[in-house]
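Peer 1: Can you read through this structure? Questions will come right after.
The values are calculated or read from the model by the stated rules, or taken from the named source; none is laboratory data. Only a predicted model underlies this, so the values are computations on that prediction, with no experimental measurement involved. Don't worry about glycine lacking a Cβ; one is built from the backbone with ideal geometry, like all the others, and counts go over all protein chains shown.
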Amino acid sequence: MADPRSFSSLSLGQPWLDNLAQLEYREMTPIQALALPAMLAGRDVLGQAGTGTGKTAAFGLALLARVTPRSGRPGALVLCPTRELATQITDELRRLARPLPHTRILTLSGGTSVQRERASLEHGVDVVVGTPGRVLDHLQRKRLDLGAIKTLVLDEADRMLEMGFVETVGEIVRATRPDRQTLLFSATFPDAVRTLSTTYQRDAEQVVVPSEEVAARITQITYATGPSLRDRTEAVVRVLGHHRPDSAVIFCNQRETCDDVAMGLAAAGMHAVTLHGGMDQHDRNTVLLLLKNGSLRFVVATDVAARGLDIDDLGAVINVELPRDPDVLTHRIGRTGRAGRTGLAITLDHRGDPLPPPSTEPHELAPMVTIAIQGGRQDRLRKGDIVGALTNDMKIAGTDIGQIQLAERISFVAIARDAANRALEGLTAGKIKNRRFRAYRIQPPR
């Protein structure tokens, strides 16, 4: 009898199973085991699951199973609340879609070129992932046809409703075919989410992953601190010095607080950068890239990063101050302990345990350095081409090569700090696939 947590227990073909094995998906997470059988059978699903539970892969496999590549019109649409989350979902769908050659997946979100999106839509796409405002804009301008959508996903529905997207989402949903499959995922089930479900879903199967199951992997500590920002910044320095996480996101409620805390950490010899809505999209993307691939250790963020920050191995979350909404605290804490790993969540409050003693040991720099290569998928570059050039021509050890991310016209490769200068010199002077590409080091935004 097949293991019910094994992907082989599902009605997936061997190419899909082989790809999942290559992606190191060894067994289904609870949300995948509960939701995938119903979704693959065509049922509507209302799923409650926090971040890091594997829900993107769950709905991704389900929607890709119903997509016909190059059919002329998109067959699946994923709506989500933020640009960052849209980008991360697109990246995951592209990895999952390897058994479907020529599947075109497009992100539609603010902060990116409308003209480039329009050109991609004119050439035809199979899956659209986007934020409600930008998707509706293309829809109203007759650039996007949703009449062939077989699967609609509303991800982080509670957050979309909090951001005031209810009417926008409704207008988009009404442009899709009435017999579509609708998959709705939310970390919480307020009345507004249940209304959304009853309005747009048919006989939805409800699946819930208990928050206790996720919380059990996360060690939560509250430390007592004074009320001033100086007190709290000094507390963050002591906490980081004591626990010494490999990486951490430090949450504040206001942009100005983020800037002050980051400056305080820098004065203590801890390099940190900010992440908040006052930054332009390019800088926000750079921070997320560097944090995800190990080129940055500490980020001080507002809740713009509490959703859509998809890092499997984030060492710790620190709450400099409590958010007004308890659900926001849940989302912050859910940034650590993802994908079955353990995590650490620390909250500073006037009540709690005494702060740990200050540490005199200096903090090490991030272990990796990111190098940009001005060539990407449109230049027919593959990850294997970059690895081959680094290992064979430039004699960089394979263990010194970290994550590689390919975009249309640019690629990013993380290199161990000790080998970074040698790799950059080799990429600048050498060739990849018999072609020269400009290469340079990516610096965190200031």
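Peer 1: Across the stretch 139-162, which residue is farthest from Asp327 (Cα to Cα) among those that are in contact with a strand residue (DSSP E or B) (Cβ under 6 Å, 6 or more places away or on another chain) and modelled with pLDDT of 95 or more?
Peer 2: Ile149
Peer 1: A follow-up question, please. Report yes if Pro362 is in contact with a His (Cβ under 8 Å, 6 or more places away or on another chain) and not small (Gly, Ala, Ser), otherwise no.
Peer 2: For Pro362, the condition - in contact with a His (Cβ under 8 Å, 6 or more places away or on another chain) and not small (Gly, Ala, Ser) - is not met.
Peer 1: Could we say that Ser228 is out of contact with any Lys or Arg (no Cβ under 7 Å at 6 or more places or on another chain) and under 30 Å from Glu167 (Cβ atoms) here?
Peer 2: Answer is no for this residue.
Peer 1: Additional query: I need the full set of residues from the stretch 347-375 which are part of a loop (DSSP other than H, G, I, E, B) and either of a type in the set (A, V, I, L, M, F, W, C) or in contact with a Cys (Cβ under 8 Å, 6 or more places away or on another chain) (or both), in order please.
Peer 2: Passing the criteria: Leu355, Leu365, Ala366.
Peer 1: Continuing with this model, one more query. Can you name every residue in the stretch 113-142 that is under 24 Å from Gly277 (Cα atoms), surrounded by fewer than 17 Cβ atoms within 10 Å (Cβ to Cβ) and of a type outside the set (A, V, I, L, M, F, W, C)?
Peer 2: Ser113, Gln115, Arg116, Gly133
Peer 1: Follow-up question, since we're still on this one. Those residues that are part of a loop (DSSP other than H, G, I, E, B) and among the charged types (D, E, K, R), I need them from the stretch 93-146; list them, please.
Peer 2: The answer is Arg98, Arg104, Asp126, Arg141, Lys142, Arg143, Asp145.
Peer 1: Just one of Gly47, Gly72 is in a loop (DSSP other than H, G, I, E, B) and small (Gly, Ala, Ser); which is it?
Peer 2: Gly72
Peer 1: Right, something else. Is it the case, given these coordinates, that Ser109 is of a type outside the set (Asp, Glu) and either closer than 22 Å to Ala58 by Cβ or crowded, with 22+ Cβ neighbours inside 10 Å (or both)?
Peer 2: It is true that Ser109 is of a type outside the set (Asp, Glu) and either closer than 22 Å to Ala58 by Cβ or crowded, with 22+ Cβ neighbours inside 10 Å (or both).
Peer 1: Could you tell me which residue of the stretch 33-44 is nearest to the chain's Cα centre (by Cα), considering only residues that are in a helix (DSSP H, G or I) and in contact (Cβ under 8 Å) with a residue 40 or more places away in the chain?
Peer 2: So the residue we want is Ala35.
Peer 1: Take the residues in the stretch 166-204 that are of a type in the set (A, V, I, L, M, F, W, C) and within 19 Å of Leu144 (Cα to Cα), then tell me which one is surrounded by the fewest Cβ atoms within 10 Å (Cβ to Cβ).
Peer 2: Selected residue: Ala175.
Peer 1: Can you list residue pairs whose Cβ atoms sit under 9 Å apart, with the first residue in the stretch 326-338 being free of Cβ contacts under 8 Å to residues at least 60 places away in the same chain and the second being assigned to a helix (DSSP H, G or I)? Count only pairs 6 or more apart in sequence or on different chains.
Peer 2: Val328/Asp303
Peer 1: Out of Val173, Val209, which single residue is of a type in the set (A, V, I, L, M, F, W, C) and within 30 Å of Ala316 (Cα to Cα)?
Peer 2: Val209
Peer 1: In the stretch 36-51, how many residues are farther than 16 Å from Arg66 by Cα and either in contact with a His (Cβ under 8 Å, 6 or more places away or on another chain) or surrounded by 24 or more Cβ atoms within 10 Å (Cβ to Cβ) (or both)?
Peer 2: Matching residues across the stretch 36-51 total 5.
Peer 1: Residues being free of Cβ contacts under 8 Å to residues at least 60 places away in the same chain and in contact with a Ser or Thr (Cβ under 9 Å, 6 or more places away or on another chain): count how many of those fall in the stretch 10-32.
Peer 2: Adding up the residues that qualify gives 5.
Peer 1: Somewhere in the stretch 289-307, is a residue in contact with a Gly (Cβ under 9 Å, 6 or more places away or on another chain), touching a residue at least 24 places away in the same chain (Cβ under 8 Å), charged (D, E, K, R) and within 26 Å of Tyr440 (Cα to Cα)?
Peer 2: For the stretch 289-307, residues in contact with a Gly (Cβ under 9 Å, 6 or more places away or on another chain), touching a residue at least 24 places away in the same chain (Cβ under 8 Å), charged (D, E, K, R) and within 26 Å of Tyr440 (Cα to Cα): present.
Peer 1: Select from the stretch 389-421 the residues that are under 17 Å from Phe437 (Cα atoms) and among the basic types (Lys, Arg) and list them in ascending order.
Peer 2: Matches in the stretch 389-421: Arg409 only.
Peer 1: Assess whether Leu275 counts as being crowded, with 24+ Cβ neighbours inside 10 Å and closer than 22 Å to Asp158 by Cβ.
Peer 2: Yes.
Peer 1: Since Val173 meets every condition but one in (1) in a helix (DSSP H, G or I); (2) touching a Phe, Trp or Tyr at 6+ places or on another chain (Cβ under 6 Å); (3) of a type in the set (A, V, I, L, M, F, W, C); (4) touching a residue at least 60 places away in the same chain (Cβ under 8 Å), which condition does it not meet?
Peer 2: (4)
Peer 1: Pairs, please: C-beta under 6 Å, at least 6 apart or cross-chain, first residue more than 22 Å from Leu291 (Cα to Cα) and in the stretch 385-404, second exposed (fewer than 14 other Cβ atoms within 10 Å of the Cβ)?
Peer 2: Thr391/Gly398
Peer 1: Within the stretch 393-414, is there a residue that is surrounded by fewer than 16 Cβ atoms within 10 Å (Cβ to Cβ), of a type in the set (A, V, I, L, M) and closer than 13 Å to Ala372 by Cβ?
Peer 2: Scanning the stretch 393-414, I find at least one residue that is surrounded by fewer than 16 Cβ atoms within 10 Å (Cβ to Cβ), of a type in the set (A, V, I, L, M) and closer than 13 Å to Ala372 by Cβ, so the answer is yes.
Peer 1: Follow-up question, since we're still on this one. Which pairs turn up if I take residues in the stretch 102-120 that are farther than 10 Å from Arg134 by Cα and look for partners that are among the charged types (D, E, K, R) and loosely packed, with under 14 Cβ neighbours inside 10 Å with beta carbon separation below 7 Å, at least 6 apart in sequence or on another chain?
Peer 2: Pairs that qualify, where the first residue is farther than 10 Å from Arg134 by Cα and the partner is among the charged types (D, E, K, R) and loosely packed, with under 14 Cβ neighbours inside 10 Å, are His102/Arg70.
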